[in-house]
Amino acid sequence: MKLPTPHFISNRVLKVNVGFLLSAGAGNYQDSRLDIPDPLRVADDLDVHSIEGTLRLTRTKEGVLVQARVTIIVDNICSRCLDVVQQAIDLDLEELYAHPPSSISEFGIGADAILDLAPLLRAEVLIEKSHKILCREDCLGLCPECGANLNHEACTCNTEQIDPRLARLKELLDRE
Ligand SMILES: [Zn+2]
Ligand SMILES: [Zn+2]
């Protein structure tokens, strides 16, 4: 049986009241959209620009199964030039929230029937953010001499100096 779409207690805090699902039998589910176009503090150590996607909550014997496909826009740092880059992180999540909370899942739903998506999203996004990214494929990086961001400015350091013995090799490589 498909239940009506709920509203978030506040779309800013990712807390969903699932009392109606908990009182329904196993197998009942509810689909909704996550549309949070505004900056949001997911956790003390994670701010995001937006979250968009779909959310299915299914009542199981052990609690509520969360299935979500979301795109989350976050700030990240280019690993080459250290500029701030907006990164789109696509997540395909499936996680059980135990009710009552128990050792079968690190996520739980207490007596208040509030399912908080924040810790789940936080964990997944921080993993994705830890991978190195580039602001663009051909990011020029920082000058090793003066630290100038070579995407934005040319510096006068001569870092092209090359061992004459290697010059011939470079010439060959450049030709490719
Ligand atoms: Zn860069
Ligand atoms: Zn330089």
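Here, each number is a calculation from the coordinates, and none is a lab measurement. Fair warning: this is a prediction, and the values are worked out from it, not measured in the lab. Here the Cβ positions follow ideal geometry from the backbone for every residue, glycine too, while neighbour counts run over all protein chains shown.
Assorted remarks:
- Amide H within-cut-off set for GLY63, under 5 Å, with H built and near neighbours excluded: HIS99
- C-alpha long axis of helix 118-129 to longest principal axis of the chain, angle in °: 20 degrees
- On Cα atoms only, tilt of 164-175 relative to the major axis of the chain in degrees: 60 degrees
- Förster radius 22 Å - calculated FRET efficiency between ASP47 and ASN151, Cβ distance, rounded to 0.05: 0.35
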